[in-house]
Amino acid sequence: LTISPYILGALKADRQVWKNFKDFPEGYKKVRIGFIENRGRHGDEMFQKSLRYFIKMTAKNKKFGMVQ
């Protein structure tokens with residue numbers, strides 16, 4: 001799984017988020033990261049919103065979306 005440095009930095013900024021993220025299944029991580037990166041094509045606001053929500057849910061150790 002290749003993660004952009006910006007997203008990787010955001011995940012590693014919080015130790016709990018990083019720990020939870022590493023424990024998620026590979027398929028889930030791939031889909032979520034791909035979705036967030038794709039949102040960048042729709043503008044920075046959509047990208048940031050998606051990244052913030054993903055970090056918020058990951059901090060709670062919760063998966064969301066169709067792929068869990």
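Put simply, of Gly27, Gly65 the only residue that is surrounded by fewer than 14 Cβ atoms within 10 Å (Cβ to Cβ), assigned to a loop (DSSP other than H, G, I, E, B) and touching a residue at least 12 places away in the same chain (Cβ under 8 Å) is Gly65. The set of residues in the stretch 58-67 that are modelled with pLDDT under 95 and farther than 17 Å from Leu1 by Cβ comprises Phe64, Met66.
Residues in the stretch 1-15 that are under 16 Å from Glu26 (Cβ atoms) and without any contact (Cβ under 8 Å) to a residue 12 or more places away in the chain: Thr2, Leu8. The lone criterion from (1) under 11 Å from the mean Cα position of the chain (by Cα); (2) farther than 18 Å from Pro5 by Cβ left unmet by Ile55 is number (2).
So, in the stretch 1-24, how many residues would count as being assigned to a loop (DSSP other than H, G, I, E, B), closer than 15 Å to Leu51 by Cβ and aliphatic (A, V, I, L, M)?
Applying the first criterion (assigned to a loop (DSSP other than H, G, I, E, B)) to the stretch 1-24 yields 1-4, 13-14, 24.
Going one step further and asking which of them are closer than 15 Å to Leu51 by Cβ, we end up with 3-4, 13-14.
In the following step, the residues that additionally are aliphatic (A, V, I, L, M) were identified as 3, 13.
Of the residues in the stretch 1-24, 2 are assigned to a loop (DSSP other than H, G, I, E, B), closer than 15 Å to Leu51 by Cβ and aliphatic (A, V, I, L, M).
Looking only at the stretch 30-59, count how many residues are assigned to a loop (DSSP other than H, G, I, E, B) and in contact (Cβ under 8 Å) with a residue 12 or more places away in the chain.
Kept after step one, since they are assigned to a loop (DSSP other than H, G, I, E, B), are these residues of the stretch 30-59: 43.
When the remaining residues are screened for being in contact (Cβ under 8 Å) with a residue 12 or more places away in the chain, the result is none.
Total meeting the criteria: 0.
Does the stretch 23-38 hold any residues that are farther than 16 Å from Pro5 by Cα and over 10 Å from the mean Cα position of the chain (by Cα), and which are they? Don't jump to the end; show me each part of the working.
Going residue by residue through the stretch 23-38, those that are farther than 16 Å from Pro5 by Cα are 23-28, 31.
If the condition is that a residue be farther than 16 Å from Pro5 by Cα and over 10 Å from the mean Cα position of the chain (by Cα), then Asp23, Phe24, Pro25, Glu26, Gly27 are the ones that fit.
The values are calculated or read from the model by the stated rules, or taken from the named source; none is laboratory data. Remember, predicted model here, so these are calculated numbers, not experimental data. All Cβ positions, glycine included, derive from the backbone under ideal geometry; neighbour counts span all protein chains shown.
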